[in-house]
Amino acid sequence: MRKLLWVLFAAGMVSGCKRDEPPAPVRAEPGVAAGKGEQAAPAEVVEDFDDSKPYALTQAKLDAYVGYQRKVVEAYSAMAKELQAAKARLAAGTEAPGKGPGLSESMKAIESKAESEAKARREAGLSEEDVNRIGALVTDVITQRHMAAMLDLAGELKKLEEMQAKLKPEQARELAPQIEVMRQRVQETEKLGSVRKVHGDANVDLVLTREQELMTNYQDMLRSFGARAQ
């Protein structure tokens, strides 16, 4: 049983802001805090699910997930900007003592993101299991495709093969194992063999029908946190 929470980037950002204070726990789907005289909205019950069982992705759920993911990316982008600004103010020492952004304000930014994420999921008509299972599938597919594009594995294989063709027979044989390893890597990223073993051919093929939009979302997420995206 597990829940895949997309908060790793955020945790790193918070730890960069203030390391001497332990972070408060963050719920995947928090309730809305109430002000004076207001009644707090109840927090949603977090679902448990068995991810050892096969998950059958449908076109409708994939389409809903693409839209949901876009909203989550936008929420992460807003949160990242808030956390980066807080970190910059702390580093520059521009805040008066005791009045800086601190960890509590950073956690507020993360909780706001979590609330936006929960709202987007409900509007998309997806369950927690849907977003976590589809998210795992999409991540496995898109990260491999992105890495292949970043490293230009097919191009590197072509260069090795051209080099081999110009070498003497004994030198060409020495290079052959490297070429075979590279060829296998290219085949894996193009055919996604290991991903298909985990998620099934039908699920992977369906994700690839929305590869362009999913890749854009993935790259935008990386940019939100200053990572390199091709």
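Could you give every pair whose Cβ atoms fall below 7 Å, whose first residue belongs to region 136-155 and is without any contact (Cβ under 8 Å) to a residue 40 or more places away in the chain, and whose second residue is among the small types (G, A, S) and surrounded by fewer than 19 Cβ atoms within 10 Å (Cβ to Cβ), counting only separations of at least 6 or pairs across chains?
Close Cβ pairs satisfying both conditions: none exist.
From the list E213, E188, E174, E180, which one is open to solvent by 90 Å² or more (accessible area, probe 1.4 Å), over 18 Å from R133 (Cβ atoms) and assigned to a helix (DSSP H, G or I)?
Within the list E213, E188, E174, E180, the selection yields E174.
Are there any pairs with C-beta distances below 7 angstrom linking a residue in region 65-92 that is more than 30 Å from T209 (Cα to Cα) to a residue that is charged (D, E, K, R) and open to solvent by 40 Å² or more (accessible area, probe 1.4 Å), with the two at least 6 apart or on different chains, and if so which?
A86/E105; R89/E95
With the requirement that a residue be charged (D, E, K, R) and open to solvent by 40 Å² or more (accessible area, probe 1.4 Å), what does region 124-157 give you?
Of everything in region 124-157, those that are charged (D, E, K, R) and open to solvent by 40 Å² or more (accessible area, probe 1.4 Å) turn out to be E129, D140, R145, D152, E156.
Could you check R196 against (1) in contact (Cβ under 8 Å) with a residue 24 or more places away in the chain; (2) closer than 20 Å to Q59 by Cβ; (3) surrounded by 15 or more Cβ atoms within 10 Å (Cβ to Cβ) and say which number it fails?
Result: R196 passes all but (1).
Has region 158-166 got any residue that is surrounded by 15 or more Cβ atoms within 10 Å (Cβ to Cβ) and of a type outside the set (G, A, S)?
Taking region 158-166 and keeping what is surrounded by 15 or more Cβ atoms within 10 Å (Cβ to Cβ), we get 160, 164.
Next cut, of a type outside the set (G, A, S) only: 160, 164.
Yes, because at least one residue in region 158-166 is surrounded by 15 or more Cβ atoms within 10 Å (Cβ to Cβ) and of a type outside the set (G, A, S).
Which members of region 172-217 meet the condition of being over 18 Å from M150 (Cβ atoms) and among the acidic types (D, E)?
E174, E180, D201, D205, E213
Using the structure shown, decide if E161 is under 27 Å from E74 (Cβ atoms), assigned to a helix (DSSP H, G or I) and of a type outside the set (K, R). Even if it seems obvious, please write down each step before you answer.
Working: under 27 Å from E74 (Cβ atoms): no; assigned to a helix (DSSP H, G or I): yes; of a type outside the set (K, R): yes.
Judged against the criteria, E161 is not a match.
So if I check each of R210, R223, which one is out of contact with any strand residue (DSSP E or B) (no Cβ under 6 Å at 6 or more places or on another chain) and farther than 19 Å from L57 by Cβ?
Criteria check complete, one pass: R223.
Scan region 44-86 for residues that are open to solvent by 50 Å² or more (accessible area, probe 1.4 Å), assigned to a loop (DSSP other than H, G, I, E, B) and at pLDDT below 75 and report the count.
7
The values are calculated or read from the model by the stated rules, or taken from the named source; none is laboratory data. Nothing here was measured: the structure is a model prediction, and the numbers come from that model. FYI the Cβ positions are ideal-geometry reconstructions off the backbone, even for glycines, and counts take in every protein chain you see. All accessible areas refer to the heavy atoms of the entire protein, side chains included, with ligands and DNA or RNA removed. Shrake-Rupley method; radii C 1.70, N 1.55, O 1.52, S 1.80 Å.
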